[in-house]
1. Pop out the ³J(HN,Hα) list for the range A:83-96 in order, Karplus 6.51 cos²θ - 1.76 cosθ + 1.60 with θ = phi - 60°, rounded to Hz; leave Gly and Pro as x.
2. For chain B, what is the relative contact order in percent, using Cα pairs closer than 8 Å and at least 6 residues apart in sequence?
3. Once the Cα atoms of helix A:323-334 and of chain A are each reduced to a long axis, what angle between those two axes, in degrees from 0 to 90 to the nearest 10, is obtained?
4. State the Kirkwood hydrodynamic radius of chain B in Å, one decimal place, computed from all pairs of distinct Cα atoms.
5. Per-residue Cβ counts within 10 Å, from other chains only, averaged over B:195-202: what number is that?
6. If you average the sequence gap of Cα pairs under 8 Å that are 6 or more apart and divide by the length of chain A, what percent do you get for the contact order?
7. Largest first and in whole Å, give the semi-axes of chain A's equivalent ellipsoid, each being the square root of 5 times a Cα gyration tensor eigenvalue.
8. Lysines near A:LYS368 by alpha-carbon distance under 17 Å, same-chain residues fewer than 8 away left out - which ones?
Amino acid sequence: MARDRVMDFDKALELFEPVLGFEVHVELNTKTKMFSAAPNGFGDAPNTNISPVCLGLPGSLPVVNEQAVRYSISLGLALGCSIAPTSRFARKNYFYPDLAKNYQISQFDEPIAFEGQVDVELADGSVRTIPIERAHMEEDAGKLTHVGGATGRIQGAEYSLVDYNRAGVPLVEIVTKPIFGAEHDAPELAKAYVSTIRDIVIALGISDARMERGNLRCDANVSLRPRGQEKLGTRTETKNVNSLRSVERAVRYEIQRQAAILADGGTITQETRHWHEDTGTTSAGRPKSDADDYRYFPEPDLLPVVPSPELIEELRAALPEAPAIRRRRLKETWGFTDLEFQDVANGGLVAEVELTIAAGASPQAARKWWTGEISRLANVQGVEATSLVSPENVAALARLVEDGTLTDKLARQVLEGVVAGEGAPEEVVEKRGLAVVSDDGALIAAIDEALAAQPDVLAKIQDGKVQAAGAVIGAVMKAMRGQADAARVRELILERAAQP
Amino acid sequence: MSELIRKSASELSELLASGEVSAVEVTREHLDRIAAVDGDVNAFLHVSSDALDVASSIDERRSKGEALGPLAGIPLAVKDVLVTTDMPSTSGSRILEGYMSPFDATVVAKSRAAGLVPIGKTNMDEFAMGSSTEHSAYGPTHNPWDLDRIPGGSGGGSAAAVAAFEAPLALGSDTGGSIRQPAHVTGTVGVKPTYGGVSRYGAIALASSLDQVGPVTRTVLDAGLLHDVIGGHDPLDSTSLRDEWPSMAAAARDGASAGSFAGLRVGVVSQFTGEGFQAGVRRRYEEALSLLESNGAELVEVSAPHFEYAIAAYYLILPAEASSNLAKFDSVRFGMRVTPPGGGTVEQVMSATREAGFGPEVKRRIILGTYALSAGYYDAYYGSAQKVRTLIQRDFENAFESVDLLVSPSAPTTAFKLGEKLDDPLAMYLNDITTIPANLAGVPAMSVPIGLAPEDGLPVGIQFMAPVREDARLYRAGATLEALLLERWGHGLLAEAPELGGK
Amino acid sequence: MSEISEQQVAHLANLARIALTPEEISSLTSELDTIVDSIAKVQEVATPDVPATSHPVPLQNVFRDDVVGQTLTTEQALANAPESADGRFKVSAILGEEQ
């Protein structure tokens, strides 16, 4: 595949104005699927969480999950949308092997929620309002695995295997209106928008929102228009963008790629593009064409959804606070400085820090772990920090440091073990034998040995030159292979040296 | 011919209850009958190998003193559109040949729970698309009245099975007349219940907003007994009504003993008289109307001006919904798979499978439905058809303000010859002119035999239509009419049918 | 009136994933033309003031509780599959070589 040419970002912005749009799919964490009583689970053996409805077996019929409707209404309200007095399901008809019925039950001209807006905060503290066109309910498709060929990708595969466990998982698709005026902030705004949606659904408790698992998926629409031109340019829709970092990178890349084509006098093809995390590029997918005639019509197997005003008010009253207000409150509660909080927010880690604190960690410990070592590891591995470790495990790690079982240094090793899949922190401590040696006897033996080996140092200490103890601490820590609390070692050295 | 197979289900019910006959005897007699005549009739696509075992378990339960429902131990023919766990379910299509469902249709499960003995799966037009059963992938069913003629469709197999005494009861499905028109041409009783009155779960969908499962029998009371078994709310079908239904069998008994239609206002649909109706059909229909009137019914001429648009609306809505419902037959999860020579992409495999697996009528309707829904045509076709649906509902509402029931001939002609309309889809479609409005409006309707057309000696039926949820009215009036005709003829209409088999 | 072309029927067949033969396309074209002419009469009465009806008996808010029910085993799920492997349904390659 020939690599596309790209234009320098600043240069691209000089010549063109980017217009953005997003379609974010949120998988709801209901117990069962959207239209059947099969479990909504992740990671189970293929084709186990399925019913006749999920497979589209002859004679099967869908029935709507009430909880999914309630969640969708809550999400609509949290996005500032109006809730439709009557909304309907519709069939979107297209053939694809992961789509059991070869139509997707979705909503078309009567979505459950429409016309809203979401405030998004950028790193510099400025707030942008993203206009929401609609949020509608639909069902997820199954999962294809492409076998044969070099890459495991669809290109060059010999055959594909289909697992319908995910088929029918409830989704809400949130569609923005065109977003103007993002300018240089376009990539950051993209990331901040998805991050905000993520915060909202986590606060609502309606989705696990783990992008690496596909709980939250973003399709980013990007078009450019020459400065001073009214008419919108042709847009591309980049799919498979499954981390916050990628959202930012993909939008930046598309701006640069499209700018290079347009500046050369070329034209943009309206098409789906696939984001490649490894190369940081997008490649052309299917062109939009008349093959996209989805032949929507009202789903005859399902009835209209007519939420009562009472239900809407009940759900509205139960809404968590808006993200911007929430952030302000959290910053205060946690006692973070502006810088500290921005660090957390910009890393898209507010929800993680909150959950970690809820699991028992102190705010400072939670912050340090997420913005420090975990983010560093994520960077090295090129993945999302949130995908590495659960808030519960981070809290457990902080607890082990606090109660003296681990030093910071040891804790970092334990974290590596947790990330490597060796289990919860306690298990890693056990398996790797990493706990701090708190047995004074062992420490004293090592100290005595070290002091005996360095009589001059002992003399200095006994002369009152306490700082000389440093040399002994080093030797003891080395002997203990780092698994000792240096402060305690120092205390003991002074004690031993003072003894006749 | 064995006397047992000529008995109605309600008669068999008494014999079984009193212990005069066993379910095994009744079942065996019917299996023997199938073996003797179905080679000529071809009503069955599959005959159950478990039926005698099931019957025997019913006998055992009865001998232990267990209280069983009225239809326990009685054989039931099941239209192949309904999925069954113990027999293949093909919906008359090659694409589903040998398909075994992991679950029973709700109506089948309810029938089993009531002790009925599923005896086999009946032939039908492929995916219920047709009015003659000639569109079955497994060969046509023949009308027991004249083996050269069609048994109606799509449920020709169920109607022929009942008319040929191969089963006393059958299940059918009615999307535009597939229960009533076969009843009309075979001299049997067929009921399309109120939409939502009987579960559609497990009925392989043709047009979801029109399909309804219902009974196919030889008497109105039998239809009522079966309706009572299969009706009622099903949480697996979102369109299923939660109503508490009165007993249809009780309504039929009331009607049979009433002996008159006193107080009943009957609307005669003016659009369904005269032109386009075979003379013998008209004659028997007019006689039936006189019988109604002379027995106390008040006849009122009723105009339903939008009924003339019903066929057009139907042949947009049905293909549109069907084109989507039939998309699942793609060779991935079940059914036939055809791989083009030298392999191919999944898209090519799907296309080759659907080309080979679907018959011409199915393809015609899928293409028509795809057209009706496609971008730029939706409003003109599908959207307009949905509006016509509203207008037809209003016609019914207006009519039912002044009458209790509407009547029409059940179909414009008696059974036509096999092959006669096969090359003229439009002529075939016109055969559903009288039955379609009820499906579009969701109202219940019934066809009851009213005699033979003088010119060809073939059965004719009258159709009763009632307001939504008023299925019981059909049973009451149908049973009254049936009783009066029985009194006049001295026997049921099927007694006049020619002997079958014996070869 | 010949509104429906063979090209259009071929396109519809592609949308519907049916590999029609040229003969079928040609005969369907003329049949559909006749049928469409006759069903187009719905437009005569479908005026803007008439609402559409998609369900014959109006109901609303038909829901199911979010409670796990019966599922199929993998064996049941795959029992009717033309081809399967590793507990999954097997299909031929999605993209052709030229793609």
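1. Going residue by residue, I get 9, 5, x, 9, 10, 10, 8, 9, 9, 9, 9, 7, 8, 7 Hz, with x marking Gly and Pro.
2. Relative contact order of chain B: 17 percent.
3. 10
4. 22.4
5. 3
6. 15
7. 51, 27, 23
8. The reachable lysines, counting only those whose Cα sits under 17 Å from A:LYS368, are A:LYS331, A:LYS409.
Any read-out appearing in this document is the output of simple, stated calculations on the displayed coordinates, not a laboratory observation. Because the structure is predicted, anything quoted here is derived from the model rather than measured. No Cβ is skipped: glycine too gets one built from the backbone with ideal geometry, and neighbour counts run over all protein chains shown.
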